Amino acid sequence: MHPKEVVHLEHDGRVLLVDENGHGPHIPVKGRLSSEDGLRLPTTAEIEVIGVPWEVMGRTRISWGSVDTIVIKGYPKIPWPSHWALKDDLISDNAVHPIAREAVYRSIHRLVSKVMICNDENQVLMAKVERGHFRGYWTLPGGYMDHNEHPTVGCVREAKEELGLEIELQEVEPIVTQNIFTDEGISFVSFTYRALWNGNPNHLKILDEEISEVRWFGVDEAVATAVSHFDREALQSL
């Protein structure tokens, strides 16, 4: 039976794995289909036996079937453990318990790229979205970055797709914000840029399935209206 509480101990991409008896470290075998020689994350007691000093960085709840497992995210106070498992190898070995693979998956940042489109009257363009986390609310244009996409490219692409608007970013540093919103432990990182445009929102060819309305907001009104933590953080910088 899998322990109810384990530790995701990671140092620069290396993760401590143990066998079903708590002995380790062990290395995943890429392409292994059999799950007989099970590998998992260790318990606090097993880490103590192995002799690794560490500190707690956070906690995550992972539901697997009808069972909840608490995963403590920890940082080992040792030199880089080259003999531990590479985190990217866990996914390709069926002998690694799903809780361990899920813990690594959740530890990867979700990247968002957004843009504050402003005009000469110090107003900000916002859109009321029709799908996603903030359906029915006003947000800044933007969204998830595509794989291998720079954030400066992502927000320009999103503005074109959502609003039919071609923008050129201003040469100012983006507002970078990170947060974990639930006990599932998924971390989001947002890059919010600035652009200048003085057009009429009524003339935009918006993507109806994603956006229902676009209009200008004064900065204070935009801050008060925004429901996204990342939008508020960025707007408060104006």
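Laid out as a table, the results:
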| item | result |
| --- | --- |
| Alpha carbon centroid spacing (whole Å) that separates region 203-238 from region 18-54 | 47 |
| Highest-MSF residue in the chain out of L125, L33, L169 [GNM, Cα springs under 10 Å] | L33 |
| Estimated distance in nm for a label pair at N122 and H109, the labels positioned 7 Å out from Cα along Cα-to-Cβ | 3.2 |
| Antiparallel bridge percentage (DSSP; both residues within region 32-176; nearest 5) | 95 |
| Per residue convex hull volume, Cα atoms of region 5-106, in Å³ | 93 |
| DSSP bridge orientation in region 110-235 - percent antiparallel, rounded to nearest 5 | 70 |
| Among V189, V156, V56, residue whose mean-square fluctuation peaks in a GNM of the chain (springs only between Cα atoms under 10 Å) | V56 |
| Expected 222 nm ellipticity per residue - DSSP helices of 4 or more, -39500 (n - 2.57), all of the chain, to 500 | -5000 deg cm²/dmol |
| Additional length obtainable on full extension of the chain from N202 to Y137, 0.36 nm per residue less Cα span | 21.6 nm |
| Beta bridges by DSSP in region 5-106, antiparallel share as percent, to the nearest 5 | 75 |
| Cα→Cβ-extended label distance, 7 Å offset, between E171 and K4, nm | 6.0 |
| Interchain or long-range residues, amide H under 5 Å from V96's placed H | L39 |
| About the Cα centre, charge dipole magnitude for the chain (Lys/Arg +1, Asp/Glu -1 at Cβ), debye | 360 |
| Cα-based Kirkwood hydrodynamic radius, the chain, one decimal, Å | 20.3 |
| Amide proton proximity set for G74, modelled H, under 5 Å, gap of 5+ | H8, L9, E10, M57 |
| D (Stokes-Einstein, µm²/s), Kirkwood Cα radius, region 1-51, 1.567 mPa s at 4 °C | 112 |
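Every read-out reported here was derived from the displayed coordinates using simple, explicitly stated rules and does not represent laboratory data. Worth saying up front: this structure is predicted, and the values here are computed from it rather than measured. Quick reminder, even Gly has a Cβ in these numbers, built from the backbone with ideal geometry, and neighbours come from all protein chains shown.
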